[in-house]
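Okay, structure first, notes after.
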Amino acid sequence: MLANELAFHVLGDERGSLVALEGERDIPFEIKRVYYIYSVDSDKPRGFHAHRKLRQMAFCLAGSCTMILDDGFSRESVAMSKPNVGIPIDPMIWHEMGEFSSDCILMVLADDVYDETDYIRDYSQFLEEVK
Ligand code: T46
């Protein structure tokens, strides 16, 4: 099972919903970076890389999209549309995101700052390093 979805408690009342995420508590790492992707075309998939060391957790805060996770041996596609559900993207997991709805907002929490040398952007290279 590659897509280990984590559902977080929703604090809701008559005013609406609230989800609180604490690093090293709800999220199993210290959160050093947050980024989000929005205004994306459904026919422009993204990702197509793995990280050597970076740990991440992705949340679809609005709309919907799909995330493909691939460990070099098997591949799973997970539908994302629930703002309180996180999908861990562990190191050495090739991932591809697509089928974005026009209102999709994909937020990602990461345990380190941006470092292009941590990316493997070539699938053959990924398979070589993972096996
Ligand atoms: C990932 C998936 C889920 C930065 O300068 N700083 C950053 O923190 C990030 C995330 C990106 N960038 C630059 C690098 C590129 O020039 O923004 C540009 C777009 O990044 P990229 O093509 O890597 O975007 P995605 O959507 O393919 O991948 C992103 C993250 O980069 C990646 O770490 O795991 O989302």
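Charged neighbours of Glu5, selected by a Cβ distance under 14 Å, balance to -2 (K, R count +1; D, E count -1). Of the chymotrypsin sites (Phe, Trp or Tyr not before Pro) found in the range 27-110, the ones in coil according to DSSP and having at most 16 other Cβ atoms within 10 Å of their Cβ are Phe29, Phe73.
Carbon and sulfur atoms: what percent of the 1.4 Å accessible area of the range 13-97 do they account for? That fraction is 49 percent.
Which net charge results for the neighbourhood of Ala62, defined as the other residues with beta-carbon distances under 15 angstrom from its beta-carbon, given Lys and Arg at +1 and Asp and Glu at -1? Within the 15 Å Cβ shell, the charges total -1. Surface exposure of the range 5-131, expressed per residue as accessible area with a 1.4 Å probe, stands at 58 Å². Taking the chain as a Gaussian network of alpha-carbon nodes connected by springs under 10 Å, the highest mean-square fluctuation of the residues Leu54, Leu18, Leu106 belongs to Leu18. Search the structure for amide H atoms under 5 Å from the amide H of Ile89, placed 1.01 Å from N in the peptide plane, and list their residues when 5 or more places away or on another chain. The answer is Gln56, Met57, Ala58.
Summary value for the chain: 35 percent relative contact order, contacts being C-alpha pairs under 8 angstrom separated by 6+ residues. Grouping the Cα pair distances of the chain into 10 Å bins from zero gives a pair-distance distribution of 12, 42, 36, 8, 1, 0 percent in increasing distance order.
Taking θ as phi - 60° and the Karplus parameters 6.51, -1.76 and 1.60, the scalar couplings of the range 70-82 work out to 9, 9, x, 10, 9, 9, 10, 10, 10, 7, 10, 7, 10 Hz in sequence order, x denoting glycine and proline. GNM on the chain, alpha-carbon springs under 10 angstrom: the most fluctuating residue among Arg75, Arg33, Arg25 is Arg25. For the range 6-24 versus the range 90-116, the inter-centroid distance based on Cα atoms is 21 Å. Each residue of the range 91-98 was assigned a 3J(HN,Hα) from its phi angle through the Karplus curve 6.51 cos²θ - 1.76 cosθ + 1.60 (θ = phi - 60°); the sequence is x, 6, 10, 5, 9, 9, 10, x Hz, with glycine and proline shown as x.
The values are calculated or read from the model by the stated rules, or taken from the named source; none is laboratory data. Here the structure is a predicted model, which is why all the values come from computation and not from measurement. We place every Cβ from the backbone using ideal geometry, glycine too, and count neighbours over all the protein chains shown. Keep in mind that these areas ignore ligands, DNA and RNA; they rest on the heavy atoms of the full protein, side chains included. Shrake-Rupley method; radii C 1.70, N 1.55, O 1.52, S 1.80 Å.
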